[in-house]
1. Among 20-26, 63-69, how do they line up from the highest to the lowest mean number of other beta-carbon atoms within 10 Å?
2. Does anyone have the angle between helix 22-33 and the longest principal axis of the chain? Alpha-carbon axes, 0 to 90°, nearest 10?
3. Does anyone have the angle between helix 175-186 and the longest principal axis of the chain? Alpha-carbon axes, 0 to 90°, nearest 10?
4. Could you order Thr163, Thr75 by accessible surface area, starting with the largest, using a probe radius of 1.4 Å?
5. Specify, per residue and in Å³, the volume enclosed by the convex hull of the alpha carbon atoms belonging to segment 127-189.
6. Please work out how much accessible surface Asp9 shows to a 1.4 Å probe, ignoring ligands, DNA and RNA, in Å² rounded to 10.
7. Take each of the peptides 147-155, 233-241, 288-296, average the number of other beta-carbon atoms within 10 Å over its residues, and list them starting from the highest.
8. So what does Lys27 come to for accessible area, using a 1.4 Å probe and Å² rounded to 10?
Amino acid sequence: MQYLPVFFDLRDRPVTVIGGGAVAMRKIRLLLACQARIRVLAPRLCADLAQRHHDGLIDFRPGEFSPALLDDGDTPALVIAATDDEDVNAAVAAACRARRLPINVVDSPSLCDFIFPAIIDRSPLVMAVSSGGAAPVLARLVRSRIEAAVPAAFGQLAELAETLRPQVKAALPDVDSRRHFWESTLESADAELALQGDIDQARQAFLARLAAPGTPEKGEALLIAAGSGDPDDMTFRALRLLQRAELVFHDADVPASLVDLARRDADRVALATDDEGAQVLAAVRAGRRVAWLRAGDGTRHDDMADRLAREGLRTLRAAGVAGHARAGL
């Protein structure tokens, strides 16, 4: 591993950017999101940066680069060279290393102390992917796959966990007990409430779990409509629920390629046509997290959903085709 993945806290810290063009603008956009104090050294600014200077978001020092400019004002936490002049970029890198300032030179890994990864932003949950400069396009492709697998709502779940940390720490002073609480809670159906956007109900459920630690998990039914049976038609929500199940029941008309999308350690059971969900209901009553895959748009699950609701058992639904989504508690 050539580069150590780290996350800098740049809130209200000075960062110097050399260059005032479109490339500098891309880096400055990230720095503004991190709430850094940005100083730009460049002969001139592009229109986007000029607007941000006008809005008071960046400090602009016009002129050619000189190493002495790095000593003027607060010592920067980071320096970024983003000019189209290789000689200027090399001079910036040399000046920074003489001063032991972390330097990034855009598109020149050999001159860099650090590089920018491809970023998946689900703030406060943030993920980064890097090829160490070897294949940036590949890193972006991997990022796109992660973005598809991690819904934006994970940010809401992370924010909820952040707000509850003080209460969890007060109630569970032992590190191991806190870890167990978070592992079980974030893997539970209560976390799914937050992913659906029902933050208030999720908070109440989290606090209820905290007030009664060690309470056995209730059974959970994940009723998933397989749509056409083509794995490519499955919604992200349907796939997420399927991969949560420890036991997967499926009707005979559901293709094996779709059943195989369940997590590797999940048990799989093919249901006979005359079963009517009896095995599913028994497994949920026994406290297991169960998925039931059926072909179609979800209407075939209606009877089972009603039976589970009458018994007070938790039910989550997802359709395999976005146009026919039927999701909810």
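1. Highest to lowest by the protection proxy: 20-26, 63-69.
2. 60
3. Approximately 70 degrees, to the nearest 10.
4. Details: Thr163 75, Thr75 100 Å².
Sorted by accessible area, descending: Thr75, Thr163.
5. Hull volume normalised by residue count: 116 Å³.
6. 80
7. Details: 147-155: 14.9, 233-241: 20.3, 288-296: 23.0.
Going from most to least packed, we get 288-296, 233-241, 147-155.
8. 40
The values are calculated or read from the model by the stated rules, or taken from the named source; none is laboratory data. All values reported here derive from a predicted model rather than from experimental measurement. Glycine gets a Cβ as well: all are built from the backbone with ideal geometry, and neighbour counts include every protein chain shown. The area values use the complete protein model at the heavy-atom level, side chains included, leaving out ligands, DNA and RNA. Shrake-Rupley method; radii C 1.70, N 1.55, O 1.52, S 1.80 Å.
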